[in-house]
Amino acid sequence: MDVYSSVKEIEKAFLKLIKITQDKVVACLDWQSVRNIIDKCPEEKVITYGKSAEAQWRLIDYCQDINYLKFSVCHDNKFFSDFELRLLGRFNALNAIASLVVAQHCGIDIKVIKEAFRTFSGLERRAIRDKFIKRNIMCIFQPHTASRTLALLDQFVKSFNDVDGVVLVDTFSSAREKETPEAIQKLYEALTKHHPNVLYFGGVGKTAENILPRIKPRDVVITMGAGDVYKIKEYLMENI
């Protein structure tokens, strides 16, 4: 991991930030690390949200359509219904509730918030399977920094369950650390034990050339990463 040696160190950093924050803290109860942090905070300082029954603002009636999601929220035994967002995935619904909580805390009317959600458009990254239900989805993934790849190896392995194929690209290195070639190899080895269709060709150029003939009509190809993986998309668009 780039700066922190463990999740515990990250929790300590957030707790330190909360202690110097003068206003309320909005926290999602669905994550154990968040619970670990807010358990050490004064109860009156924290506003909670999430799917959990313990959350002060609770996600209910979540429904995913092909191009948008709908959800309702329960707060203090009051129901706020028919929120609509042109995004995909439960995580985006939770993010919307976080912004709803902040907006309400700032005194913004619920009707204004609903309209803002309805007209908002953003990146469709999460829950892409909800939109392309019967399509073959290929994810081309370029990790960023070897230390992060190794530290979060177990989590990375479980992150591609909803796609039909995974293509790994050489790690995009950082000026903050020395390049560690074995990181991508370890990720490849771990993924092949967990996913039935994993490919690895090397850098961006080799990957683009090898992937092109494997793409079939109606396939969905996603490029993901913080480096120059976008060049693969450009190559495919020019040559497909």
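Any read-out appearing in this document is the output of simple, stated calculations on the displayed coordinates, not a laboratory observation. All of these numbers come straight from a predicted model, not from anything done at the bench. Here the Cβ is made from the backbone with ideal geometry for all residues, glycine too, and neighbour counts use every protein chain on show.
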Out of [x] 28, 22, 19; [y] 36, 25, 15; [z] 37, 21, 14, which label holds the value of semi-axes √(5λ) of the Cα gyration tensor in Å that was computed here? [y]
Which residue, Gln142, Gln22, Gln56, has the most motion in a Gaussian network model of the chain that connects Cα atoms within less than 10 Å? Gln22
Cα-based helix-to-principal-axis angle, 230-239 vs the chain, degrees rounded to 10: 60
Gained length - Ala53 relative to Asp162, 0.36 nm times residue gap less alpha-carbon distance: 36.5 nm
Can you tell me the 0 to 90 degree angle between the C-alpha axis of helix 110-119 and the longest principal axis of the chain, rounded to 10? 10
In degrees, nearest 10, the alpha-carbon axis of helix 90-105 is tilted away from the dominant principal axis of the alpha carbons of the chain by 30
Pop out the Kirkwood hydrodynamic radius of the range 1-53 from its pairwise C-alpha distances, inverse of mean 1/r, in Å to one decimal. 11.7
Just the Cα atoms of the range 132-239, one point each, no solvent: what log10 I(q)/I(0) does Debye give at q = 0.18 Å⁻¹? -0.86
Computed E for Lys186/Lys78 - FRET, C-beta separation, R0 41 angstrom, nearest 0.05: 0.25
What ³J(HN,Hα) values, in whole Hz, does the Karplus curve 6.51 cos²θ - 1.76 cosθ + 1.60 give for the range 158-163 when θ = phi - 60°, with x put for Gly and Pro? 8, 8, 10, 5, 8, 10
Exposure proxy check: His105, His194 ranked by fewest other beta carbons within 10 Å? His105, His194
Listing Lys19, Lys45 by rising number of other beta-carbon atoms within 10 angstrom, fewest first, gives Lys19, Lys45
Pull out the extension gain between Asp109 and Leu236, defined as 0.36 nm times the separation in residues minus the alpha carbon to alpha carbon distance; nm, one decimal. 41.1 nm
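Which FRET efficiency value, to the nearest 0.05, do you get for Thr119 and Ser5 by plugging their Cβ-Cβ distance into 1/(1 + (r/R0)^6) with R0 = 45 Å?
For R0 = 45 Å, the calculated efficiency reads 0.60.
Using R₀ = 22 Å, calculate the FRET efficiency as 1/(1 + (r/R₀)^6) where r is the Cβ-Cβ separation of Gln32 and His194; round to 0.05. Mind showing how you got there, number by number?
Numbers: r = 22 Å, r/R0 = 1.01.
So the FRET efficiency works out to roughly 0.50.
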